[in-house]
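First the structure, in the form of structure tokens, and then the observations on it.
The values are calculated or read from the model by the stated rules, or taken from the named source; none is laboratory data. None of the values given here were measured: they were computed from a predicted structure. Please note: Cβ atoms are built from the backbone with ideal geometry, for glycine as well, and neighbour counts cover all protein chains shown. With ligands, DNA and RNA removed, areas are computed over all heavy atoms of the protein, side chains included. Shrake-Rupley method; radii C 1.70, N 1.55, O 1.52, S 1.80 Å.
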Amino acid sequence: MRGNSHVRCRAGENLEITSKDYLLPSTVIANPGVLVGLNALLDRCASITLVTGEVIHRHPDTVIVVTTNNNYAGCRDMNQSVISRMNLIIDMEDPDTYTLAERAMKVTGCTDKTTVTDMAETLRDINERCRETMVNDGSYGVRELISWVQSYMVCGSILDSAKYTVLSSVSSDPDNRADILSSCLEQKYAA
């Protein structure tokens with residue numbers, strides 16, 4: 001935000017703020033149809049008429065950034081009419097194993113680069129196995145890697161720490177957990 005790093009918005013202020021030269025703050029919109037209602041702000045007319053009859057004009061310096069996490073629990077696909085109004089669309093790939101390991105090491109303070117990189121690679125294997133077997137009721141991302149590394153730093157066992165962090169997050173189904181344990185973890189870390 002220009003000159004203001006702490007802007008608080010109440011209901012309706014996102015429209016009001018577009019009439020000023022700000023970067024529109026990030027918001028969570030549960031119903032993707034809401035963005036469709038704002039399409040007129042994104043068009044060349046750059047204005048929207050509220051139900052009260054008031055017309056809100058988008059300031060020419062306003063930047064509207066829309067983000068989403070594709071295929072992430074709780075996120076819905078964006079409406080094509082909104083996507084078609086975006087001037088620039090950037091698809092960001094998941095970070096590579098090295099980047100995941102570096103992030104986990106910075107957060108945890110762990111300096112064992114070889115082990116953390118190996119754990120990040122294992123997390124990729126788990127991700128691939130979950131895709132193959134259509135396990136999609138859990139989470140196996142960077143936060144789980146960080147928890148795994150922290151647990152490993154305490155207990156000293158990669159396999160034991162995985163059971164209480166990554167494995168417990170990957171699925172609520174015991175059969176899915178057993179499959180991930182045998183196919184991705186025990187094969188690699190069993191003593």
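Checking the conditions here, which among Leu181, Leu185 is more than 30 Å from Cys45 (Cα to Cα) and touching a residue at least 40 places away in the same chain (Cβ under 8 Å)?
Testing whether each residue is more than 30 Å from Cys45 (Cα to Cα) and touching a residue at least 40 places away in the same chain (Cβ under 8 Å) leaves just Leu185.
Exactly one condition in (1) under 25 Å from Lys113 (Cβ atoms); (2) surrounded by fewer than 19 Cβ atoms within 10 Å (Cβ to Cβ) is false for Asp179; which is it?
(1)
If you go through the range 83-110 one residue at a time, how many are open to solvent by 70 Å² or more (accessible area, probe 1.4 Å), part of a helix (DSSP H, G or I) and not basic (Lys, Arg)?
Start the filter on the range 83-110 by keeping residues that are open to solvent by 70 Å² or more (accessible area, probe 1.4 Å), which leaves 84, 87-94, 96, 98, 103, 106-107.
If we keep only those that are part of a helix (DSSP H, G or I) too, we end up with 98, 103, 106-107.
Next, only the ones that are not basic (Lys, Arg) stay: 98, 107.
Selection size over the range 83-110: 2.
If Tyr140 satisfies every condition in (1) under 16 Å from the mean Cα position of the chain (by Cα); (2) under 30 Å from Leu42 (Cβ atoms) but one, which is the exception?
That leaves (2) as the condition not met.
For the range 20-44, enumerate the residues that are open to solvent by 80 Å² or more (accessible area, probe 1.4 Å) and either of a type in the set (Asp, Glu) or at pLDDT 70 or above (or both).
Scanning the range 20-44 gives a single hit, Arg44.
List every residue pair whose Cβ atoms lie under 9 Å apart, where the two residues are 6 or more positions apart in sequence or sit on different chains, the first residue falls within the range 122-134 and is closer than 15 Å to Leu145 by Cα and free of Cβ contacts under 8 Å to residues at least 24 places away in the same chain, and the second residue, located anywhere, is outside any helix (DSSP H, G or I) and open to solvent by less than 70 Å² (accessible area, probe 1.4 Å).
Asn127/Tyr140; Asn127/Gly141
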